[in-house]
1. When we measure straight from the Cα of residue 183, which aspartates and glutamates land under 14 angstrom away, once same-chain ones fewer than 8 places off are left out?
2. Holding the Cα-Cα limit at 20 Å, pick out from 147/187; 132/174; 157/197; 124/187 the pairs that are longer than that.
3. Contour minus end-to-end for residue 170 and residue 190, with contour as 0.36 nm per residue of separation and end-to-end as the Cα-Cα distance?
4. Would you compute, from DSSP H runs of 4+ residues alone, the mean residue ellipticity of the chain at 222 nm, taking -39500 (n - 2.57) per run and dividing by the full residue count, rounded to the nearest 500?
Amino acid sequence: MMEPIVRIIDDDEEARESTAFLLTMAGWCTQTYESAQSFLDNDDVSVPGCILLDIRMPGMTGMELQLKLSEDHVELPIIFLSGHGDMSMAIHAFRRGAADFLEKNVTSEELQAAVKKAVTASMKNFSSNCEKKKLLELYESLTPREKQVCVGVAQGKLNKVIAYELDIAERTVKMHRSHLLEKLVVKSPVELAFLLKSIGVLDAE
């Protein structure tokens, strides 16, 4: 499993480094950035973890970075950590999906609890995405005809119905059905339907 990274983005070097030291001593892998742009230019956002993000920074602000990451469909949880936060900022941040909003004078215990919660959520999401990718790769290994039969089977249709709709022999449907179930490592139409819904081939009910 890939090791998660806690990214700390803050233009205040002392605050940035002290936070990194605290979390590193607690066993977290950290990476620091002095600006939002530095983060965007250098970070690998495909690695799970979380972001500790200052609100007010020169150039792109923390709130602007949150919006940018949302537009880019980056799913890393964001914990705002600011000395200038207020209630309206916190509400705005949460509405955009922030994981937490903390003041910079937060206790070590509170900070580590927030990081643990955010990273746990990120790792769960990362694992889910990896599983979805594997299932999609299995589906893409099917032939075009197997994919057509696959959808019919997942919809609970009888072999003879699928054969009629695709204008092929029923024995051909049976052959494709056997092959595709083996390739996708499923045993029933119900399991197949669940798989296809999970990768977006069939609409979830």
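1. Residue 183 reaches 137, 140, 146, 191.
2. Details: 147/187 16 Å; 132/174 27 Å; 157/197 16 Å; 124/187 26 Å.
Beyond 20 Å: 132/174; 124/187.
3. Details: separation 20, 0.36 × 20 = 7.20 nm, distance 2.08 nm.
Separation in residues times 0.36 nm, less the Cα-Cα distance, equals 5.1 nm.
4. Working: 9 runs with 116 residues, N = 205.
Mean residue ellipticity at 222 nm (helix-derived): -18000 deg cm²/dmol.
Each reported figure results from applying straightforward, stated rules to the coordinates on display, with no laboratory input. Note that the structure is predicted; figures quoted are calculated from it, not measured.
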